Amino acid sequence: MLSCGNTHDSTQAIELLGKIDISESNILGDKVYASKSIRSYIVEQGANYTIPPRSCDSEQWYCDWWNYKERHLIECFFQKLKWFRRIATRYDKLDSSFLAFVLLASISILLK
């Protein structure tokens, strides 16, 4: 799902999660996704979350840090996507062609 460059990722999280079946899943996220609305949406859908609490949150919850370490796989994947200069510099003017190249690059990375 593409969004504007100046919108925060957490504002799109519930819409993105609504497009897939997350029941009985474990959602990994960083502290950006620690808002009450995102966490309650995940629980309402019958899933669990592994999102660490922010230090400024008054409500601190349990975070499985062992499971949270798996998030590095996602970060490594995004780093590999940035190896493609066309993605890193956003040469494409149309969203559809940019998304198509992101999908093509993702397939290339996964087949290696």
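The values are calculated or read from the model by the stated rules, or taken from the named source; none is laboratory data. Please read all numbers here as calculations on a predicted model, not as lab measurements. Please note: Cβ atoms are built from the backbone with ideal geometry, for glycine as well, and neighbour counts cover all protein chains shown. For the accessible areas, the whole protein counts, side chains as well, though only heavy atoms, and no ligand, DNA or RNA atoms are used. Shrake-Rupley method; radii C 1.70, N 1.55, O 1.52, S 1.80 Å.
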- Item | In order through segment 66-81: 3J(HN,Hα) via Karplus (6.51 cos²θ - 1.76 cosθ + 1.60), integer Hz, x for Gly, Pro | 5, 5, 5, 5, 5, 5, 5, 4, 5, 4, 5, 5, 5, 5, 5, 5
- Query: How about segment 52-99: which trypsin sites (Lys or Arg not before Pro) there lie in a loop by DSSP and see at most 15 other Cβ atoms within 10 Å?
  - Reply: 54, 82, 90, 93
- Query: In debye, nearest 20: dipole of the chain around its Cα centre with unit charges on the Cβ of K, R (+) and D, E (-)?
  - Reply: 640
- Note on the structure: Highest GNM mean-square fluctuation among 40, 23, 58, for the chain with Cα springs under 10 Å, belongs to 58
- Item | Positive-end residue of 25, 88, 43, charge dipole of the chain with Cβ unit charges | 88
- Under 30 Å between C-alpha atoms, the lysine pairs in the chain lying 8 or more places apart or on different chains count 19
- Return the carbon/sulfur percentage of the accessible area of segment 10-93, one whole number, probe 1.4 Å, all protein chains in place. 55
- Across 88, 34, 47, the residue with the highest GNM fluctuation in the chain (Cα network, 10 Å cutoff) is 88
- Residues with beta-carbon under 14 Å from that of residue 7, excluding residue 7: net charge, scoring Lys, Arg +1 and Asp, Glu -1? -3
- Message: Using a probe radius of 1.4 Å on heavy atoms only, what accessible surface per residue do you get for the chain? Whole Å² is fine.
- Response: 73
- Express in % the proportion of alpha carbon pairs of the chain at distances exceeding 17 Å. 64
- Note on the structure: residue 77 neighbourhood, Cβ < 13 Å, K/R = +1, D/E = -1, net charge +2
- Item | Virtual spin-label span in nm between residue 102 and residue 75, 7 Å along Cα→Cβ | 2.0
